[in-house]
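Since the structure comes first, as structure tokens, the remarks are kept for the end.
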Amino acid sequence: MSKFNPYSHLHVTRNPDGTLTRLDSPTVESHPNPLPGEAVVSKDVTINSDTQTWVRLYRPTRLPSNDNAVARLPIVIYFHHGGWILLTAADTAAHRNCSQISSEIPAIVVSVNYRLAPESRLPSQYLEGSDAVCWVNRQASDPEGEPWLKDYGDFSRCYLYGCGCGGNIVFFVGLKVKELDLQTLKVAGIVMNQPMFGGVERTESELNFATDQLLPLSVLDLMWDLVLPRDVDRDHWYCNPMADDAHKEMIKQLGRCLVIGFGEDPMVDRQHQLVTLLVTCGVQVDAHFDDAGFHNVDFVDRRRAAAVLSIVKGFIF
């Protein structure tokens, strides 16, 4: 029997210099001009030339109106999944998800293309997330600011939305919001869809689903090994905020949170622990856990995708 190789499972190769060679995944080009029958337009904007951080913006083609004026839409700052090491904001699944959020909420979506590990390790992704929030904030007062945000976005209703590792990112970006001196933008809520957290001591769900087809335990361990700062373990704050009480005062400052999870996700126990931590700190939490369903089931099952979108829409409105 051949030994299981987590690199091969992820279709990546570790290079001698520590970087990864990744198999190209299907992507979608942005479409700033409406195409026949499409409910959303999209465009890519570079927000930090030094780090080459860019965002993909989404706007519904049919804008709701109020008293013959275009109604302002909530702004959703979105962070894609991919276990820290895979995919981009142009990934087919992320693009489809953001398009659905934009058209069906409806909302202006700002999907952040953060740098990947191990080429960039934490906290790089948190810093880029904070950069994206600050960039959105600046558009409100900039005379030459991004028109999709200035003309249609409601800066008082901004939501941070993350899937998988993106759910981890929005948790930590949310903790930094008060330090960002946001003069216009208000973060009204944080959506963590199957957020990625871990720890040294194994949970019951990690052991029960250790050989999960999508995310076996050795693959999760590898992802954390590639993204965490060097010479720390999985009980580091970035991976396991439940490991100690040192940050409880900071967590108390978080606004409303929505946590979504599925019972066959190896990380579901971590997600339950997160909810407990948030509630203990006095954070207003809306938690939705389905006993059935594997990690990212909503990206392959339209019925589950519609259910998640309905939950998110209820949280926003």
Problem set entry | Set ASP221, ASP212, ASP231, ASP225: member being over 21 Å from HIS11 (Cβ atoms) and either under 22 Å from the mean Cα position of the chain (by Cα) or of a type in the set (D, E, K, R) (or both) | ASP231
Exercise. Are any residues in region 8-24 surrounded by 13 or more Cβ atoms within 10 Å (Cβ to Cβ) and touching a Ser or Thr at 6+ places or on another chain (Cβ under 9 Å), and if so, which ones?
Worked result: HIS9, VAL12, ARG14, LEU20, ARG22
For this session: Name every residue in region 189-205 that is of a type outside the set (Asp, Glu) and either within 14 Å of TRP224 (Cα to Cα) or not in a strand (DSSP E or B) (or both), in order of residue number.
Result: GLN194, PRO195, MET196, PHE197, GLY198, GLY199, VAL200, ARG202, THR203, SER205
For this session: Could you list all residues from region 1-51 that are at pLDDT 95 or above and hydroxyl-bearing (Ser, Thr, Tyr)?
Result: TYR7, SER8, THR13, THR19, THR21, THR27, SER30, SER42, THR46
Problem set entry | Candidates TYR152, TYR126, filtered to the one that is under 20 Å from ALA94 (Cβ atoms) and either in contact with an Asp or Glu (Cβ under 9 Å, 6 or more places away or on another chain) or of a type in the set (Ser, Thr, Tyr) (or both) | TYR126
Exercise. So which residues in region 304-317 are assigned to a helix (DSSP H, G or I) and not β-branched (Val, Ile, Thr), if there are any at all?
Worked result: ARG304, ALA305, ALA306, ALA307, LEU309, SER310, LYS313, GLY314, PHE315
Seminar exercise, completed: If we ask which residues in region 21-42 are assigned to a strand (DSSP E or B) and either touching a helix residue (DSSP H, G or I) at 6+ places or on another chain (Cβ under 8 Å) or more than 22 Å from THR92 (Cβ to Cβ) (or both), their number turns out to be 3
Exercise. How many residues does region 1-20 hold that are touching a residue at least 40 places away in the same chain (Cβ under 8 Å) and not in a loop (DSSP other than H, G, I, E, B)?
Worked result: 5
Problem set entry | Flag for GLY82 being out of contact with any helix residue (DSSP H, G or I) (no Cβ under 6 Å at 6 or more places or on another chain), small (Gly, Ala, Ser) and surrounded by 13 or more Cβ atoms within 10 Å (Cβ to Cβ) | yes
Exercise. SER205: buried (at least 19 other Cβ atoms within 10 Å of the Cβ) and among the polar types (S, T, N, Q), yes or no?
Worked result: yes
For this session: Report the residue count in region 110-133 for those that are of a type in the set (S, T, N, Q) and surrounded by 22 or more Cβ atoms within 10 Å (Cβ to Cβ).
Result: 3
Problem set entry | Residues of region 215-241 satisfying the condition of being of a type in the set (A, V, I, L, M) and either assigned to a strand (DSSP E or B) or touching an Asp or Glu at 6+ places or on another chain (Cβ under 9 Å) (or both) | LEU215, LEU217, VAL219, LEU220
For this session: Under 8 Å between Cβ atoms, at least 6 apart or on separate chains: pull out the pairs that start in region 112-126 with a residue that is under 20 Å from ASP221 (Cβ atoms) and in contact (Cβ under 8 Å) with a residue 60 or more places away in the chain and end on any residue that is assigned to a loop (DSSP other than H, G, I, E, B) and polar (S, T, N, Q).
Result: PRO118/THR19; GLU119/THR19
For this session: Would you check if there is a residue in region 142-149 being modelled with pLDDT of 95 or more and either within 14 Å of the chain's Cα centre (by Cα) or of a type in the set (Ser, Thr, Tyr) (or both)?
Result: no
Exercise. If you check THR61, THR46, THR88, which single one turns out to be in contact (Cβ under 8 Å) with a residue 24 or more places away in the chain and surrounded by fewer than 17 Cβ atoms within 10 Å (Cβ to Cβ)?
Worked result: THR61
Problem set entry | Single residue of region 244-303 satisfying the filter (acidic (Asp, Glu) and part of a helix (DSSP H, G or I)) that is surrounded by the fewest Cβ atoms within 10 Å (Cβ to Cβ) | GLU249
Seminar exercise, completed: Flagged in region 1-48 as among the small types (Gly, Ala, Ser), within 17 Å of TRP148 (Cβ to Cβ) and within 22 Å of the chain's Cα centre (by Cα), in numbering order, are SER30, SER42
Problem set entry | Test: residue in region 157-175 that is among the β-branched types (Val, Ile, Thr), in contact with a Ser or Thr (Cβ under 9 Å, 6 or more places away or on another chain) and modelled with pLDDT of 95 or more | yes
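The values are calculated or read from the model by the stated rules, or taken from the named source; none is laboratory data. All figures in this text were calculated on a predicted structure; none of them were measured in a lab. Glycine gets a Cβ as well: all are built from the backbone with ideal geometry, and neighbour counts include every protein chain shown.
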